[in-house]
Amino acid sequence: MIARLETPFGCLWTAGSADAVEKVSWTPLDGPHHKGELDWILDPLRAYFDGALEALPGRILFLAPGVLWVKNHVNTRPHTRAQEILDLIFAIPYGKRATYGEIAASVGYKKGARAIGAVCRSNPLPVLIPCHRVVGARSLGGYTPDVTIKEGLLCLESKVLASRRPTGSTGSLPSNIPLAQGGGNGWVDSPDGVS
């Protein structure tokens, strides 16, 4: 089943069932329209995009070779290096960032930042597995299909966290990190690695 969700950043398409999400995409997906089967993930996604929810229900289910996002908690371990990387990305907390290089170092790729970028590009579950939280050392890095979506997601999370900070706290983009397109800022924290 396929669902289309309007977000502040464009339409987000979701494919899955009442128990699992198979694919999330910022570009249209083909298939029969859902009749409520995907409400378990669509309603929380709406709340996330409204800034009212930080953690989405479900968890990664590692398969050989792919991944699913499942409604009911299942404890599985990654089977491949790419799945291990997706699991590390999933662990990046809401509103935080890790660099491609930090993720690469944590899986033993000392100079493997590009390999991490390739895994992010092939992530079948963006937003659920938050590859938008992986940034370059001196830039936002890329995002499929458009880096302005990544910028918007990061700003959304930063604004939500900033709204909970005491008066006087600021959320600004470090001067050495350019925005995708001119305009405001929104980062609260500098990259601090994966917890």
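The values are calculated or read from the model by the stated rules, or taken from the named source; none is laboratory data. Since this is a predicted model, take the numbers as computed values, not measurements. Cβ: placed from backbone, ideal geometry, glycine included. Neighbour counts: every protein chain shown.
In region 11-39, the residues that are in contact (Cβ under 8 Å) with a residue 12 or more places away in the chain form Cβ pairs under 8 Å with partners that are surrounded by fewer than 17 Cβ atoms within 10 Å (Cβ to Cβ) and among the polar types (S, T, N, Q), at six or more places apart or across chains, as follows: Trp13/Thr27; Asp19/Asn72; Trp26/Thr144; Glu37/Ser17; Leu38/Ser17.
Looking at Arg165, Arg121, Arg133, just one residue is modelled with pLDDT under 90 and not acidic (Asp, Glu), and that residue is Arg165.
Filter region 20-30 for residues that are surrounded by 14 or more Cβ atoms within 10 Å (Cβ to Cβ) and either basic (Lys, Arg) or farther than 21 Å from His132 by Cα (or both) and give the result. Talk me through it step by step, then tell me what you get.
To start, the set of residues in region 20-30 that are surrounded by 14 or more Cβ atoms within 10 Å (Cβ to Cβ) comprises 20-26, 29.
Selection gives Ala20, Lys23.
Residues are listed down the side, and each one gets a yes or a no for (1) touching a residue at least 40 places away in the same chain (Cβ under 8 Å); (2) under 25 Å from Ala18 (Cα atoms); (3) part of a helix (DSSP H, G or I):
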position	(1), (2), (3)
Pro57	no, yes, no
Asn72	yes, yes, no
Thr76	no, yes, no
Leu88	yes, no, yes
Ile103	yes, no, yes
Lys110	no, no, no
Gly117	no, no, yes
Cys120	no, no, yes
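Would you confirm, using the coordinates I've provided, whether Gly141 is part of a loop (DSSP other than H, G, I, E, B) and either closer than 26 Å to Trp13 by Cα or at pLDDT 90 or above (or both)? Criteria met by Gly141. Considering region 59-70, and only residues there that are assigned to a loop (DSSP other than H, G, I, E, B) and free of Cβ contacts under 8 Å to residues at least 24 places away in the same chain, the residue that is surrounded by the fewest Cβ atoms within 10 Å (Cβ to Cβ) turns out to be Ala64.
When only residues in region 39-54 that are within 19 Å of the chain's Cα centre (by Cα) and more than 21 Å from Cys155 (Cβ to Cβ) count, which is surrounded by the fewest Cβ atoms within 10 Å (Cβ to Cβ)?
Of all residues in region 39-54, those within 19 Å of the chain's Cα centre (by Cα) come to 40-54.
Next, only the ones that are more than 21 Å from Cys155 (Cβ to Cβ) stay: 40-43.
Numbers: Trp40: 17, Ile41: 23, Leu42: 18, Asp43: 13.
That would be Asp43.
Of the residues Thr99, Thr80, Thr76, the single one that is of a type in the set (Val, Ile, Thr) and more than 30 Å from Gly51 (Cα to Cα) is Thr80. The set of residues in region 122-137 being assigned to a loop (DSSP other than H, G, I, E, B) and closer than 24 Å to Pro57 by Cα consists of Ser122, Asn123, Pro124, Leu125, Val127, Leu128, Pro130. When Gly101 is tested against (1) exposed (fewer than 15 other Cβ atoms within 10 Å of the Cβ); (2) among the small types (Gly, Ala, Ser); (3) at pLDDT below 95, just one condition goes unmet, and that condition is (1). Lys111 meets the conditions (1) crowded, with 17+ Cβ neighbours inside 10 Å; (2) under 19 Å from Arg138 (Cα atoms) in every case but one. The failed one is (1).
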